Every structure is written in C-alpha cells, then in structure tokens.
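One structure below.
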Amino acid sequence: MKFIPVLMYHRIHQDEPASGLAVSPEDFSRQVEWLEKKSFRFLSLEEVAERQGRARLWDRAVSLTFDDGFTDNYKNAFSLLISKAKPAALFVVTSWVGREGFLGWREIRELADSGITIGSHSHTHCWLPEIRDESWLRREIFESKKIIEDQIRKEVRHFSYPVGGVNPRVADLVRKAGYQVAWVAGARPTETNFSPQFGLRRIKVGPRDSDLIHFSIKAYGLKTLFW
Ligand SMILES: [Zn+2]
C-alpha cells in the first residue's frame with residue numbers, strides 16, 4: 001500500500017526570525033519546478049481522498065496543502081500554482097480571516113474560484129481534544145464550515161485539525177458536520193481508533209527542505225514507508 005504524499009506548508013516567506021514553519025518563496029518555486037521536472041502529477045485533495053491507499057508505488061503524484069491562511073501564500077505560492085493550473089488546498093481559520101498577516105474573504109473567494117480547494121482549519125485554532133463544552137466544539141467544527149460556505153458559495157468537504165489534535169469524539173463531530181475527509185498535521189494522528197478517512201496524514205515541509213534531497217524523500221513518499 002502506498003500513500004500519496006500530501007505535503008503541508010504554512011508560511012511561504014523569508015523566515016526571520018526562524019520559526020521552523022516557513023519555506024522561502026525561492027525554495028517553494030524550486031520545489032514546484034523540481035516536481036514538474038520529475039513529472040509528478042499534482043492532485044487535488046478530492047483526488048487523493050479517492051485514491052489514498054490504492055496508489056501504485058510507481059505513481060508519481062503529490063498534493064500541496066497550506067494551513068492557517070497567511071497572506072504570503074497568495075503572492076508566493078498560489079499565484080504560481082494557479083498560473084500553472086496546478087490544484088492545491090488552503091485550510092483557513094475562520095476567526096483569523098482578515099486579521100493582519102492573514103488572507104481576507106475577497107482573496108479566499110478568488111482562490112476558490114481559481115480552483116483552490118478551501119477547507120476549514122477550525123474557528124480559533126485551539127486544541128480540540130481538550131474542549132469539553134459541546135457548543136464551543138460545534139462552533140469550531142460546524143460553524144467554521146458554514147462561515148466558509150457562505151463566503152465562497154461552495155461546499156466545504158475538508159477539515160484540518162489544528163496542530164493535529166484529534167480524538168474519536170472530535171473526529172465523530174467532524175463527520176457529523178458533513179466533512180468528507182479530515183487531515184492531521186503530521187505523520188500520525190494523536191489517536192487512531194476512528195475512521196481512517198478522518199485522520200489522513202500529511203507531511204510537513206519546512207526550512208530544511210531547502211535541500212532538494214530532503215524534499216524529494218517527502219515527495220516520493222519514502223517517509224511514509226516508516227509510518
Ligand atoms: Zn494551523
């Protein structure tokens with residue numbers, strides 16, 4: 001069984017001071033060029049969800065995702081991907097939209113209309129497994145979905161757990177809210193006794209992947225062999 005590598009980015013900018021979450025715009029475009037040169041197919045999250053676990057080892061395919069909704073994604077990543085007609089996904093935190101440093105609804109709508117999949121990354125980016133209050137948890141999962149749908153006029157099918165925090169209760173609410181797939185932040189969900197489609201894995205791309213050898217290990221899915 002081979003998993004199609006779903007790469008997870010955060011900021012695409014020069015990282016000063018270093019946060020460990022940023023990839024420079026130059027590194028990002030080098031990575032996209034490398035994937036093109038090696039004839040990788042860029043898949044949308046819908047395509048990955050359909051094929052996950054059934055891909056063949058020799059398939060060269062990746063999917064690119066971006067968490068949190070930073071403004072730098074627009075100029076430094078999505079403009080490049082859209083110009084090349086490559087699909088990608090953006091997970092937004094609904095209470096952060098329009099704040100300084102974060103994309104506004106006008107830009108998010110434009111991205112959605114250009115073929116970027118918009119998913120929810122909760123309302124306030126909190127650690128969901130620790131929220132006892134049902135109505136709070138519902139706001140993070142149900143409300144964030146509705147807010148995005150009202151803004152982009154498209155169904156939101158994907159959820160990304162903030163910091164990968166998930167337990168069976170959270171995963172169950174994500175399913176009940178009508179999401180079809182939910183993604184964790186790293187290699188493994190914090191707990192795993194729920195439907196695999198609500199805990200699909202992603203691989204974080206960071207500053208160390210400036211080295212294309214590091215990046216290629218992730219893109220070829222070699223990291224997933226050790227999961
Ligand atoms: Zn996040």
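The values are calculated or read from the model by the stated rules, or taken from the named source; none is laboratory data. All values derive from a computational prediction rather than experimental measurement. Every residue, glycine among them, receives a Cβ derived from its backbone with ideal geometry; neighbour counts consider all protein chains shown.
Things to note:
- From the options L111, L35, residue that is in a helix (DSSP H, G or I), in contact (Cβ under 8 Å) with a residue 40 or more places away in the chain and buried (at least 16 other Cβ atoms within 10 Å of the Cβ): L35
- Scanning region 183-214 for residues that are of a type in the set (D, E, K, R) and either in a helix (DSSP H, G or I) or at pLDDT 90 or above (or both), we see that the one that is farthest from the ligand (Cβ to nearest atom) is D211.
- Any hit, region 61-83, residues being more than 21 Å from K204 (Cα to Cα) and charged (D, E, K, R): no
- Filtered residue count, region 151-182, keeping only those that are touching a His at 6+ places or on another chain (Cβ under 7 Å) and within 13 Å of the ligand (Cβ to nearest atom): 2
- Members of region 90-108 that are under 17 Å from the mean Cα position of the chain (by Cα) and either more than 13 Å from the ligand (Cβ to nearest atom) or surrounded by 20 or more Cβ atoms within 10 Å (Cβ to Cβ) (or both): L90, F91, V92, V93, T94, V97, L103, I108
- Of all residues making up region 115-148, the number that are assigned to a helix (DSSP H, G or I), surrounded by 15 or more Cβ atoms within 10 Å (Cβ to Cβ) and among the hydroxyl-bearing types (S, T, Y): 1
- Residue match in region 113-136 (condition: away from the ligand (no atom under 15 Å from the Cβ) and in contact with a strand residue (DSSP E or B) (Cβ under 6 Å, 6 or more places away or on another chain)): yes
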